[in-house]
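Beneath this line is the structure, given in structure tokens, with notes to follow.
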Amino acid sequence: MTHDHDLVLRPTQEQITAALNPPAGRNGGDLVVETLAGLGATTVFGLPGQHALGMFDALRRSDLRYVGLRVENNAGFAADAYGRITGEAAPLLLSTGPGALTSLAALQEAAAASAPVLAISSQIPTAGLGGGRHGYLHELPDQSASFRGVVKSVHTVRTQSQIPSAIEAAWKSALTAPHGPVWVEIPQDVLLAETSIPVVTGGDAFPEEVVPRPELTAVAAHLLSGAERPAIIAGGGVVRADASGKLLQLAETLRAPVVTTPGGKGAFPWEHPLSLQSWIEDRHTTDFLEDADVLLVVGSGLGELSSNYHTFRPRGRVVQIEADLGKLESNHPALGIHADARLALQALLETVAERQDESASERVREVLDKVAARIAGQELTLEQEVLASVRRALPADSPSFWDMTILAYWAWSAFDAKGPNRMHSAQGAGGLGYGFPAALGAAAADPTRPVLAVSGDGGALYSIAELATARQYGLGVTWLIVDDGGYGILREYMNDAFGEATATELTRPDYVALAESFGVPGVRTTPQTLEADLAKALSEPGPSVVVLPALLRMFAPTHLGTE
């Protein structure tokens, strides 16, 4: 019997001749860029460094487009966004030691948000590997050890012949659900040495599928079909799996209300009669979910934000679909189904029975009315008007990228993303500086749509150097900077907890003048003129900066037991 995996395609005579006579002047770096191109990559991000020069020299002999940022962490954020927007593994080229380590916070965010990033770093020369402390520039006793707790997989190359297979294995790892960042490191001498290895002409770019166990989906379908009050929590796994259409079909079949987590923004239509929107940090929503007799959790680990800061206590049966095996039942007992969200939802659609429930939409509206009344009682008109202005100014099909700032915290709950994969934030790992460089990566992925970045003045200073990147490549990103003179959310936290804030106030530059010094147009706006100024900036080609001086406040939390 012959199996498909036993078949080997016979090379043509032309291929044999080309393999026997590879072009002169190639090095190990050429094997890197050839493998990436063979796997389907078109764009790479990164920064050059002394040990990585073999890779960067090879770029000029390839058709890959290079987008160079000014700080490795920002290059990682850009690759993260490129991976989220395209669904492809985004190559990130780095140098040894300090350059590599500077990318760690970005890779942590990619891991938390399941963004496929293929980080390829140089290493010290082969003779120095193994922790012998030879004193090479950038030397670490074990560079890969710094990344093992962050990335999905680590691949260390020691010879040129290992390069194509190591990168291909890393590529598949990054794109196997749950998506995530992976790490490849190649010694300096391996990258620089001339090579006689034939040109890499292709690669197996298809990742493994995480298929649900049929006995589990059968039980889940039985539970959901017989439920009296089913409900659904949709997380980022639905977005990463491109499963929003299947989620909608299942919710309508079951007449099950759906709430999306911050990472799952846009996974379910905002104005749908079954949509609880994203008010997952609200006690009214929490109460509703706790009352469900069968709760389907898709693509979420029910972590801190998604469980209203671990105050969520389900009383019914929980069915959890999650591609990350370690997240199954990590917070609540459940019927745990280890699977890609798209495949699991398809299995349920093939099995569940249609439910009739005329009260579902009415119960959803009651919850949303309670949430609206709670917010209306807190005198937060400015905050709601600012967020509404942003929504009106931003084209419906444009993606937005939000830093860790008060307006982003509002957006997690109150912003209509207008569709899946259009609103992204750093809520996975929670680091500052994500918004603007991530938006640059999205603009590189799709230059046909304007992209919005939103930062506070504190977060903006993390990535201000990337104004040069935006200008150099003409990337169409409008950067809204909400300037409140400090780390606004930390100021609120400290004032609430201790009565006064410490280390939160910041001296900052004139952001409009600073943007213009980079050749990027800037404008200072007000809450009243924000919509018009933002819409104008978004409609014009290239980068721009809009600065909004405003002191915004958060809505009161409901997880502290004060209501």
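Only one residue in T502, T448, T469, T478 is closer than 25 Å to D242 by Cβ, among the β-branched types (V, I, T) and modelled with pLDDT of 95 or more. Which one?
T448
Filter segment 113-131 down to residues that are more than 13 Å from V182 (Cα to Cα) and not in a loop (DSSP other than H, G, I, E, B) and give me whichever is modelled with the lowest pLDDT.
Per the criteria, the residue is G128.
What residue, of D293, D287, is over 25 Å from A411 (Cα atoms) and surrounded by fewer than 17 Cβ atoms within 10 Å (Cβ to Cβ)?
From the options D293, D287, the qualifying one is D293.
Which number in (1) free of Cβ contacts under 8 Å to residues at least 60 places away in the same chain; (2) closer than 21 Å to A78 by Cα; (3) part of a helix (DSSP H, G or I) marks the one condition that V150 misses?
(3)
Collect the residues in segment 530-563 that are of a type outside the set (K, R), more than 26 Å from H310 (Cα to Cα) and open to solvent by 60 Å² or more (accessible area, probe 1.4 Å), keeping them in residue-number order.
E531, A532, S539, E540, P541, P549, L551
From (1) buried (at least 24 other Cβ atoms within 10 Å of the Cβ); (2) assigned to a loop (DSSP other than H, G, I, E, B), pick out the condition that doesn't hold for D242.
Just one mismatch for D242, condition (1).
List pairs: first in segment 464-486 and free of Cβ contacts under 8 Å to residues at least 40 places away in the same chain, second of a type in the set (A, V, I, L, M) and open to solvent by 10 Å² or more (accessible area, probe 1.4 Å), Cβ under 6 Å, 6+ apart or cross-chain?
Short answer, once both residue conditions are applied: G486/L506.
Of the numbered conditions (1) part of a helix (DSSP H, G or I); (2) within 16 Å of P437 (Cα to Cα); (3) of a type in the set (V, I, T), I167 satisfies every one except a single condition; which is it?
Failing condition for I167: (2).
Identify the residue in segment 42-56 that is of a type outside the set (S, T, N, Q), open to solvent by 30 Å² or more (accessible area, probe 1.4 Å) and in a helix (DSSP H, G or I) and, among all such residues, is farthest from L31 (Cα to Cα). Quick ask: steps written out before the conclusion?
Here is the first cut: in segment 42-56, the ones of a type outside the set (S, T, N, Q) are 44-49, 51-56.
Narrowing the set further to residues that are open to solvent by 30 Å² or more (accessible area, probe 1.4 Å) leaves 48, 53, 56.
Checking the rest, the ones that are also in a helix (DSSP H, G or I) come to 53, 56.
Numbers: L53: 13, F56: 12 Å.
Checking each candidate, the answer is L53.
Mind telling me which of the residues S278, S330 ends up being touching a Gly at 6+ places or on another chain (Cβ under 7 Å), polar (S, T, N, Q) and in a loop (DSSP other than H, G, I, E, B)?
S330
Working carefully through the options E194, E209, find the one that is among the charged types (D, E, K, R) and under 25 Å from the mean Cα position of the chain (by Cα).
E209
Return the residue satisfying two criteria in turn: it lies in segment 372-429 and is hydrophobic (A, V, I, L, M, F, W, C) and assigned to a loop (DSSP other than H, G, I, E, B), and of such residues it is farthest from F555 (Cα to Cα).
Narrowing segment 372-429 to residues hydrophobic (A, V, I, L, M, F, W, C): 372-373, 375-376, 380, 382, 386-388, 390, 393-394, 396, 401-402, 404, 406-408, 410-412, 414-415, 417, 423, 426, 429.
If we keep only those that are assigned to a loop (DSSP other than H, G, I, E, B) too, we end up with 380, 394, 396, 404, 415, 417, 426, 429.
On the way: L380: 7, L394: 23, A396: 26, M404: 16, F415: 14, A417: 20, A426: 20, A429: 22 Å.
Going through the qualifying residues, I end up with A396.
Do you know which residues across segment 57-111 are among the small types (G, A, S) and open to solvent by 20 Å² or more (accessible area, probe 1.4 Å)?
Matches in segment 57-111: S62, G87, A105, A111.
Take the residues in segment 132-147 that are in a helix (DSSP H, G or I) and open to solvent by 30 Å² or more (accessible area, probe 1.4 Å); name whichever of them is nearest to Q427 (Cα to Cα).
Across segment 132-147, the extreme among qualifying residues is S146.
The values are calculated or read from the model by the stated rules, or taken from the named source; none is laboratory data. Fair warning: this is a prediction, and the values are worked out from it, not measured in the lab. Every residue, glycine among them, receives a Cβ derived from its backbone with ideal geometry; neighbour counts consider all protein chains shown. Surface areas here come from the heavy atoms of the whole protein model, side chains and all, with no ligands, DNA or RNA. Shrake-Rupley method; radii C 1.70, N 1.55, O 1.52, S 1.80 Å.
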